[in-house]
Amino acid sequence: MKSSPQADRRPELKRLISRVKREQERERATLGRGQEEAAVKRFQLPKKYMHLEEFVKCVQESGIVKDQGTIHRLFDALTVGHQKQVGPDLFRVFYTIWKETEAEAQEVSLPASVLEHIDATECVFKLSSSVKTSRGVGKIAMTQRRLFLLTNGRPGFVEVAQYRDLEDVKLSSAPFLVLRIPSLKIRVHGKKEAFEANLKTETELWNLMVKEMWAGRIIADQNKDPQYLQQALTNALLMDAVVGSLQSSKAIYAASKLAHFDRMKLEATMMVPTTTAETLKHKINPSVELAAPQAVDVLLYTPGQLWVSVGGGKVIVFDASSWSLIHTCQVGNARLNCMLGVDRDQVWMGSEDCVIYIISMVSMVCNRQLTEHRAEVTGLALDTEKYSQKVAYSCSAEGTVMAWEVSTLKVKKHFRLSCDFLQSVYTCGGALWCCSRTSIMEVWRNGSLKQRVNLPEHQRVRFSCALLLPESEELWSVCVDSAEVYIWHMKNATKPFHRVMLQDCAGCYCMIQVKNQ
């Protein structure tokens, strides 16, 4: 596929409009060039009518979109007024229009005088026909951030609005001789005069698309998650393809089925609690391009990168400054329980299949596997005090703890603790702290027990996580089935010296220290 200057300037464009190509690249990185042809499945247009289940599979294989909720809304749109099935002819027309939209978006060439007014990451996804507006004659351009008028003649730039500045968008009509022509009227915060465009037969479609982008921007800002705006853009482009496919009086009503964020905005279903809004800096959904939402199993921050593990060993890596997707890979086929950054160029991953996978941060491929554990690997830790990050510790569910020489990847020593499901291991003050369901153990590096922390006998709850605070010599612990936080003295943990009850909480799974909190 030939790349335009606009596509080259904006990597997000390729992520939206070249999903099939991207999936091929990911498969190549994961499986190697020798297996590429076997891994990539060529999409073939359907030859028979499709009910919802077949339609979902077909759309996902086509690379148009992966999210099942969006596909369900697309199915509703394409089946308005008929039986709940999509015919092969209709899908062929829809697919052709979608692919043409992709090509047109890449081929839009903006002059330098226009490019200097928009961000380097912006791209024109939709251009109207040439229309008369209150700011002159030209084409309305829709990017992922704003609307602007591309004036006729010598192309010029007239900004209409950024989506976050919109105040009102509505259908109107403009006088022309004895007639009235359908128009779109847009009001912007801080501007007295409304912008009006005589979009004629395109008016209702543009009304839907602009409102969806506006709502997506609002919800993205409220949730600190730019992916909502990207999804709103996908919805708007699907509306365009639906209207082009149906060519009927019900086309606009059908396209409105895809106005997901506009509907959410009206129903106020995405309101963020005040405390969350005040604290939240950014949010990202790693399942946005997966067929169905997946639970996040493990998070790991390494300098400049966020590693996210979701169901079944799938690992997604994001750039921690732009929050753009860098890489995806498949690490085994089982759930990952833990991740650890080692020596600035490796990430170790402990899995339910008893294996520790070692991923190179440079090549993003798994180059080693450690297979000495005989039960699922549940915890990983680095000894940063005495050995300068040369020794790593791992633990597995049945109680085994192993010390690894990082440079050779050999087991230096190992021992087994008597406990109920060992969940994690930590290093602190020359000792190891190991958390199981029923106790937290401080252990010397040779495996001999130094002290055991138990909950009071009447407390029939299970530990889920421990947090060591060496500065204050405190051990904090939480339980999966209790709202209490137990705080112990590390040097003498015979009983908790303080407890904190968490309101409206059924239990806790994890803790981190953030400054003095």
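The values are calculated or read from the model by the stated rules, or taken from the named source; none is laboratory data. In this text, all values refer to a predicted model and were calculated from it rather than measured experimentally. Heads up, the Cβs are rebuilt from the backbone with ideal geometry, glycines too, and the neighbour counts pull from every protein chain shown. Surface accessibility is based on the protein's heavy atoms, side chains included, excluding ligands, DNA and RNA. Shrake-Rupley method; radii C 1.70, N 1.55, O 1.52, S 1.80 Å.
Suppose the Debye formula is applied to equal point scatterers at every Cα of region 179-239; what is log10 I(q)/I(0) at q = 0.28 Å⁻¹? So the normalised log intensities work out to -1.06. When the alpha-carbon atoms of the chain are used, the pair Rg, Dmax equals 28.1, 95 angstrom. Compute the Cα gyration tensor for region 348-409, then decide on rounded, prolate or oblate, letting a ≥ b ≥ c be the square roots of its eigenvalues: rounded whenever a/c is under 1.5, prolate when a/b is larger than b/c in the other cases, and oblate in all that remain. Oblate, since a/c reaches 1.5 and b/c is not below a/b. Distance check, please: which entries in 132/281; 495/515; 99/250; 48/283; 224/390; 48/250 exceed 32 angstrom between their Cα atoms? Pairs exceeding the cut-off: 132/281; 48/283; 224/390. I need the calculated FRET efficiency for the pair residue 96 and residue 414, taking r as the beta carbon distance and R₀ as 56 Å, to the nearest 0.05. Once rounded, the FRET efficiency stands at 0.35.
Note on region 301-389: with neighbouring protein chains present and a 1.4 Å probe, carbon and sulfur make up 45 percent of its accessible heavy-atom surface.
Ignoring the sites themselves, the chain has its longest run without GluC sites (Glu not before Pro) in a DSSP loop having at most 10 other Cβ atoms within 10 Å at 194-456. Using the Cβ-Cβ distance between residue 76 and residue 291 with R0 = 22 Å, the FRET efficiency computed as 1/(1 + (r/R0)^6) comes to roughly 0.75.
For region 108-193, the square roots of the Cα gyration tensor eigenvalues, ordered a ≥ b ≥ c, give a/c of at least 1.5 with a/b no greater than b/c, which places it in the oblate category.
Between the amide H of residue 160 and those of 147, 148, 149, distances stay under 5 Å, these residues lying 5 or more places away or on another chain, with hydrogens modeled in the peptide plane.
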